[in-house]
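Read through the structure below, which is laid out as structure tokens, and then see the notes.
None of the figures in this text is laboratory data; all of them are computed from the coordinates on show. Remember, it's a predicted structure, so these values are computed and weren't measured experimentally. Virtual Cβ from ideal backbone geometry, glycine too; neighbours counted across all protein chains shown.
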Amino acid sequence: MEKILSDKNIDELRHLLAGDVIVPADSEYDKARRGFNALIDRHPAVIARCVRAEDVAVAFDYARSHKLEVAVRGGGHNPAGHCVCDGGLVIDLSRMRTVEVDAEERIARSDGGATWLDFDSATQTHGLVTPGGVVVSTGVAGLSLGGGIGHLTAQYGLTCDHIIRAEVVTPDGKAIHANADENPDLLWGLRGGGGNFGVVTRLEFRLHPLREVMGGRLIYRGAGVRDALLCYRDVVGRSPRDLSCQVSLAIDESLVPILEIDPCYTGSDADPEALRRLRSTPGLIQDEVRKLRFLDQQRVIDTAYGEKRHYWKGHFVRELPDELLDELLHRIVALGRPPGGIMIESLHGAPKDWDVHPGAVGFRRAAFNVSVMAVWQDPALDAEQIAWAREGAAAIEPWSYSGGGYVNYMQADEPIERVRATFGNQTFDRLQKLKHRYDPHNILHRNQNIPPF
Ligand SMILES: Cc1cc2nc3c(=O)[nH]c(=O)nc-3n(C[C@H](O)[C@H](O)[C@H](O)COP(=O)(O)OP(=O)(O)OC[C@H]3O[C@@H](n4cnc5c(N)ncnc54)[C@H](O)[C@@H]3O)c2cc1C
């Protein structure tokens, strides 16, 4: 790779940064530049591993004076690979992971690079939670800024609904606060508008008391999968407030459909009717549903970091009619080889509680989020797998809620019209004005971008 910065330039940054500076010659460079999605293989000129807000300001300043593109890295999970750029500077927050809990006030203060493992471990010490993501290595800030759907969505709502305060370094190097009194419009934008406005060095969340759930997984195979999908739809269609539930459709090595249902029940019933119904559906081959500590529930879904290639595309939908479920079953068989799958996340319950939306997030009124997720290892399969995901998403489109998808799962090739559709015209226009105020030169464009207006 061509050397973009001289040793003298790099020393200058090393001198200013309290954290670490990583360049291509360093042994840890390869690990530090890689994200979750092996499809993305980029080589930044320099990685500024920050340890405090001042470092973030230094990194912005350095990028500006050396005309370097900027990428921001939290947990590194974004499937679009937004956390890394070729030849530019990465603001890497992976050393800023402290999570402080004020148990009395039920508030958590989470540094900009914390993962859900950091967060849940700290809050569960006090028997408290915020609804977060289902894979613990995902970044708290990255996930929250895009909305946040997980095991406790029906009970408590979206992750971004729980953000009450943020500390942000804007691309001009200013450290500002956003809360109900200070920059409330920025707080609104951070609740769903992504990493468009600045680098969030700290987020404060509301917490709820919760230690145990009834969770785990149910696996169905073969002819019973269709019935299990219909049962799932009916169960969540009743909007049980104490049951969040997502499902993943896949095929096994013999190309037979497999369905995994991941329920998370927090009610007081020892044998809840909704779970009884799911468990009594024919086709069930594995029942791992049981009482779990919340931290163990957060381990039910796990996936290797940086090993596989991913291409995801999907839609929020208004409903899940039989015809759409049959289409999804047809598409999963057409995939022709594992892994890869189709995920359905229900948005019933608490996300719908707000009359006036507290944030920019635009999907809370949709019924489900349906994502076609191609996952593979061999680069020779790139075109085939990407085509499968795109065709699957196109097949779902007739049931789409708004034409938009989930910004947290989008690839980098989504057109701006689809990002706009995700938010709706009015919200997108408001986000563009906000972007103009905080990042008029669109320095932070490696995201599902909201160009300044
Ligand atoms: C295995 C896996 C599981 C997932 N599970 C869920 C889930 O359960 N629920 C859900 O809603 N989503 C989930 N996601 C999607 C995930 O929330 C988004 O991809 C999110 O962007 C990841 O954040 P990150 O910090 O890990 O990623 P990164 O790639 O590090 O960051 C992605 C982008 O987020 C922004 N960003 C991150 N941190 C900051 C910060 N501190 N300040 C400003 N901007 C920042 C930047 O624009 C950055 O480029 C999952 C993704 C994967 C790969």
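Under a straight-distance cross-link criterion of Cα-Cα below 27 Å, which lysines are reachable from K308, leaving out those fewer than 8 residues away in the same chain? In chain and number order, the partners are K31. Helices assigned as whole DSSP H runs in the chain whose Cα atoms extend at least 15 Å along their own long axis and whose mean Kyte-Doolittle hydropathy is -1.0 or higher are found at 53-65, 224-237, 322-334, 382-396.
Normalising the average separation of contacting C-alpha pairs (under 8 angstrom, six or more residues apart) by the number of residues puts the relative contact order of region 202-291 at 47 percent. With 18 Å as the limit on Cα-Cα distance, the pairs of K174/K435; K313/K352; K67/K435; K313/K435 that go past it are K313/K352; K67/K435; K313/K435. Counting only DSSP beta bridges with both residues in region 62-119, the antiparallel share comes to about 50 percent. A Förster distance of 35 Å, applied to the separation of the beta-carbon atoms of D378 and R217, puts the FRET efficiency at 0.80.
For region 322-350, backbone nitrogen atoms closer than 15 Å to the point 7 Å from E307 Cα along Cα-to-C-beta are found at 339-340.
Estimated translational diffusion coefficient (Stokes-Einstein, Kirkwood radius over Cα pairs, 10 °C, 1.306 mPa s) of the chain: 71 µm² per second.
For region 1-143, give the share of DSSP beta bridges that are antiparallel, in percent and rounded to the nearest 5; count only bridges with both residues there. Around 50 percent of the beta bridges assigned by DSSP in region 1-143 are antiparallel ones.
Seen from T201, the other residues with C-beta closer than 14 Å to its C-beta sum to a net charge of +2, counting Lys and Arg as +1 and Asp and Glu as -1. Under 5 Å from the amide H of R309 lie the amide H atoms of A38, W376, Q377, each residue being 5 or more positions distant or on a separate chain, with H modelled from the backbone and absent for Pro and chain starts. Paramagnetic label reach from S121 (point 7 Å along Cα→Cβ; backbone nitrogen cut-off under 18 Å): within region 274-309, residues 293-303, 305. For the chain, the relative contact order comes to 16 percent (Cα pairs under 8 Å, sequence separation of at least 6). Count Lys and Arg as plus one, Asp and Glu as minus one, and take only other residues whose Cβ is under 12 Å from that of I10; the net charge is then -2.
D by Stokes-Einstein for region 386-443, Kirkwood Rh over Cα pairs, 10 °C, 1.306 mPa s: 124 µm²/s. By other beta-carbon atoms within 10 Å, ranking C50, C231, C83 with the fewest at the front produces C231, C50, C83.
Working from Cα pairs under 8 Å separated by at least six residues, relative contact order for region 154-251 is 32 percent.
The Cβ shell under 15 Å around I386 holds other residues with a net charge of 0, Lys and Arg each +1, Asp and Glu each -1.
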